[in-house]
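What follows is one structure encoded as structure tokens, with my remarks underneath.
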Amino acid sequence: MRAHFKGGESVQVYWNQGRITQYIQSITWSGSARQAPRSVTFSLAFSPLDKNMDILDIKLGDKITLYNETRNRIFVGYVSSREKKSEAGTLTYTAKDNMSRLLRSKGTYKFTNKKPEEIAKLVAADVGIVCRDIVATKINIPKCFFAERPIYEIIMAGYTYAHKKNKKAYIAQIDDRELDVIEKGKIIPDFHLKQGERIVTSSYTETTDNMVSRVAIYNSDNKKIGSISNDSWVKKYGVFQGALTVDSGNGKTEAKNMLNGIEKTANISCLGDVRCVSGMGVIIKDTKTGLNGKFWIESDSHTWENNVHTMELKLAFKNFMDEQEFDEEQTKQESSTTLTTSATGGTNGILNGQRVRAKFTAYYPANNAMEGGFMDAFDVPLSHWMSQGINVVAAPPSIAKDTMIQILETGTSRDGGEYRVRDRGGAIQIEAGNVYHFDILMNSAAECNAWGVRMGYAIIGNGTGYTQNTVSTGVGGNTPAERATAQMEAWANDNSHGYSQANRWGPDYDCSSAVISAYELAGVPVKSRGATYTGNMYGVFTQCGFRDVTSSCNLGSNAGMQRGDVLLNHTHHTAMYCGGGRMVHARGQSYGSPATGDQGQEFAITGYSNYPWNCVLRYGG
């Protein structure tokens with residue numbers, strides 16, 4: 001194999017300090033703007049029976065360097081894997097640059113009044129990487145915290161903060177042990193991709209398969225209250241309608257996010273130029289596909305084979321960056337709660353029986369239609385039970401008289417208390433979603449008003465006593481997905497749980513800690529395996545039994561989604577689909593206040609909307 005590859009530019013390959021280009025059958029150099037590091041894969045002829053063939057003893061960790069035809073170094077990496085294809089055939093090696101060190105090395109840091117460029121230098125130095133060309137943002141970050149996060153993500157989180165302030169996009173690149181962070185999307189000077197000159201094949205795909213041109217908005221009573229549409233799409237393509245149900249407000253912002261227009265993708269295969277790497281911008285003039293103008297390279301793959309250098313480019317129509325977010329210091333962990341004597345007499349642990357999701361309301365003896373009078377459903381004065389210190393509830397008619405039930409996870413002093421079923425009521429039923437409604441007998445109207453509506457769980461006793469002395473903060477249900485969804489709904493309907501970054505692991509939550517905690521409590525160890533925020537949920541969740549089912553779901557209309565599906569935007573938000581065109585999520589202090597607990601709609605069940613989501617994850621065990 002000659003050292004020069006014709007067609008495009010040539011490349012020279014060095015192993016440690018020796019040139020090995022002449023031994024290489026093919027080589028591919030690739031990278032992505034959204035997935036560091038860059039890598040090189042190359043293959044060598046291998047035949048231990050041919051005494052005239054040199055055998056290169058390339059080992060894991062050996063250094064591989066690429067130079068372009070003007071002797072500029074374009075890649076330095078270290079062999080991370082090797083594969084022998086057959087006894088007499090080829091050996092294939094993969095080398096990755098030192099961005100892998102920044103990805104695989106983690107740390108916990110707390111910074112106050114630091115700029116992104118200062119954070120980058122501090123954390124990179126901890127793993128032996130020197131910052132060379134670090135763009136200065138001059139933007140101060142008052143406070144940030146990272147818990148066991150990859151060094152690469154910490155660096156990009158700092159620059160994401162700057163990006164939100166100045167709208168500039170950034171990308172990290174590495175040259176051996178020297179790190180650069182530069183502005184992303186700069187146009188390659190004096191370079192065009194033109195049909196008939198460099199372009200071999202090109203594809204430009206547009207589709208309306210996932211179009212949502214109008215969204216109908218309904219209130220909680222299923223009454224249509226409005227709609228949002230893109231009139232130009234409707235006029236040209238017709239009505240493709242999604243539906244949104246809201247608890248409060250007009251829903252127009254959420255509905256607007258559900259609109260989905262023409263989806264575009266573009267790929268080009270052409271003669272190679274080593275300047276065309278992820279993060280750079282190119283000018284394209286392709287009359288055959290209509291790709292004309294400025295585009296950004298999202299991923300690139302350069303191949304040298306049979307003396308020809310070609311490249312495959314995936315193009316973006318917008319200049320995105322790999323956004324990462326800060327963590328927040330953890331101040332409170334989930335724990336199991338030992339049941340002790342409560343104000344309601346719960347002294348014996350957990351009842352044996354059926355555990356159900358429950359809604360708890362309140363009533364007291366009064367002679368009006370709301371409270372139902374002074375007698376229970378079996379003609380015993382309610383005052384009798386009150387004078388005896390016996391706690392009473394009204395229960396659905398399927399639960400027998402004098403059955404004992406136990407209240408759990410309402411976040412009040414009544415948790416753990418046992419109550420006797422002595423009353424009924426027309427509204428006291430098993431509601432949608434298999435939620436059992438119980439009405440607790442109180443002593444006064446003031447107590448009723450203070451109680452309001454609480455969500456939690458109930459044990460419907462079976463008369464066989466108790467089996468344990470502690471209750472986990474986990475939830476009931478038949479499957480992990482159902483238990484996790486029920487937990488999210490219970491938190492959303494319990495105003496003692498709101499949105500918070502400072503107390504994100506309880507009693508309040510943010511979007512990611514809520515979903516992570518709900519599945520952890522349901523028996524899926526996503527938190528134990530390292531899920532801490534939206535940016536690392538996908539990897540951990542898929543390792544714990546979740547499948548990416550995005551292709552079978554319509555993100556615009558929620559068609560194909562199932563109760564318990566995790567809706568994930570890798571950078572900004574996550575929620576859980578809870579069925580019936582609704583989702584449950586911790587959605588932000590802007591819907592309430594920073595105080596502990598939910599003062600508004602910080603943690604809520606809302607109508608479904610496309611945030612937009614990157615993917616849908618479904619637990620499969």
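Which of S609, N16, A518 sits farthest toward the positive end of the charge dipole of the chain, with +1 on the Cβ of Lys and Arg and -1 on the Cβ of Asp and Glu?
Going by the Cα projections, it comes out as N16.
Between D379 and V127, what is 0.36 nm times their sequence separation minus the Cα-Cα distance? Round to one decimal in nm.
Working it through step by step, the gained length comes to 83.1 nm.
Run the dipole for region 141-204 about the Cα centre, Lys and Arg Cβ at +1, Asp and Glu Cβ at -1, nothing else charged, and hand back the magnitude in debye, nearest 20.
Approximately 480 debye in magnitude.
Would you mind computing the Rg to Rh ratio of region 123-272 from its alpha-carbon coordinates, Kirkwood style for Rh?
Rg divided by Rh gives 1.13.
Can you compute the charge dipole magnitude of region 501-551 about its Cα centre, using +1 on each Lys and Arg Cβ and -1 on each Asp and Glu Cβ, nothing else charged? Give it in debye, rounded to the nearest 20.
Taking the Cα centre of region 501-551 as origin, the dipole is about 120 debye.
Could you work out, for region 97-186, what percent of all Cα-Cα pairs fall into each 5 Å distance bin, beginning at 0 Å and stopping at the bin that holds the largest distance?
Once binned at 5 Å, the Cα pair distances of region 97-186 give 3, 15, 29, 26, 19, 7, 1.
Distance cut-off 30 Å, Cα to Cα: go down the list K256/K288; K106/K164; K96/K143; K164/K223; K96/K121 and report the pairs above it.
Distance filter (> 30 Å) returns K256/K288; K96/K143; K164/K223.
Going by amide H atoms built from the backbone, whose H comes under 5 Å of the H on A358, apart from near neighbours?
Long-range HN contacts for A358: Y436, G456, Y457, A458.
Could you check the simple spin-label distance between N434 and K223, using points 7 Å along Cα→Cβ, in nm with one decimal?
3.3
At 7 Å along the Cα-to-beta-carbon direction for both E148 and K294, put a label point, then send me their distance in nm to one decimal.
Each label point lies 7 Å from its Cα, and together they span 4.3 nm.
If you take the charge dipole of the chain about its Cα centre, with +1 on Lys and Arg Cβ and -1 on Asp and Glu Cβ, which of V392, N536, M561 is farthest toward its positive end?
Going by the charge dipole, the pick is N536.
Taking only Cα atoms, what is the 0 to 90° angle, nearest 10, from helix 116-125's long axis to the longest principal axis of the chain?
70
Pick out, from S232, N267, S248, the residue whose Cα sits farthest towards the positive end of the charge dipole of region 168-296, with +1 on the Cβ of Lys and Arg and -1 on the Cβ of Asp and Glu.
Selected residue: S232.
Expected output is a single nm value to one decimal: the length gained when fully extending between E206 and S551, i.e. 0.36 nm times separation in residues minus the C-alpha distance. What is it?
Extra length available between E206 and S551 comes to 122.5 nm.
Grab the Cα-Cα distance for D402 and Q22, subtract it from 0.36 nm times how many residues apart they are, and report the gain in nm with one decimal.
Additional length available on full extension: 128.0 nm.
Charges only on Cβ, +1 for Lys and Arg, -1 for Asp and Glu: so what's the dipole of the chain about the Cα centre, in debye to the nearest 20?
Using only the charged Cβ atoms, the result is roughly 1540 debye.
Sort all Cα-Cα distances of the chain into consecutive 20 angstrom bins from zero, then give the percent of pairs in each bin up to the one containing the longest distance.
Going out from 0 Å in 20 Å bins, the chain shows 16, 40, 28, 12, 3, 0 percent.
Return the distance in nm (one decimal) between the two label points of a simple spin-label model at N462 and L56, each offset 7 Å from Cα along Cα→Cβ.
Result for the modelled spin labels: 6.9 nm.
With Cβ to Cβ distances under 12 Å as the rule, what net charge do the other residues near C578 carry (K, R +1; D, E -1)?
Once all neighbours under 12 Å are counted, the net charge is 0.
Can you give the FRET efficiency for V453 and V239, using 1/(1 + (r/R0)^6), R0 = 30 Å, r = Cβ-Cβ distance, to the nearest 0.05?
0.20
How much FRET efficiency would the formula 1/(1 + (r/R0)^6) give for R104 and N307, where r is the Cβ-Cβ distance and R0 is 35 Å, rounded to 0.05?
The formula returns an efficiency of 0.45 here.
Per residue, how much accessible area does the chain show when a 1.4 Å probe rolls over the protein heavy atoms, in square angstrom?
45
For the chain, what's the relative contact order in percent, using C-alpha pairs closer than 8 Å and at least 6 residues apart?
So the answer I get is 11 percent.
What FRET efficiency, computed as 1/(1 + (r/R0)^6) with R0 = 35 Å and r the Cβ-Cβ distance, is obtained for Q354 and A445, rounded to the nearest 0.05?
The computed FRET efficiency comes out at 0.65.
Between the alpha-carbon centers of region 386-400 and region 96-167, tell me the distance in whole angstrom.
Spelled out, the Cα-based centre of one part sits 59 Å from the other.
The values are calculated or read from the model by the stated rules, or taken from the named source; none is laboratory data. As the structure is a computational prediction, the values presented were derived from the model and not from experiment. Cβ sites come from the backbone with ideal geometry, for glycine too, and all protein chains shown count toward neighbours. Just the protein is used for accessible areas: all its heavy atoms, side chains included, with ligands, DNA and RNA removed. Shrake-Rupley method; radii C 1.70, N 1.55, O 1.52, S 1.80 Å.
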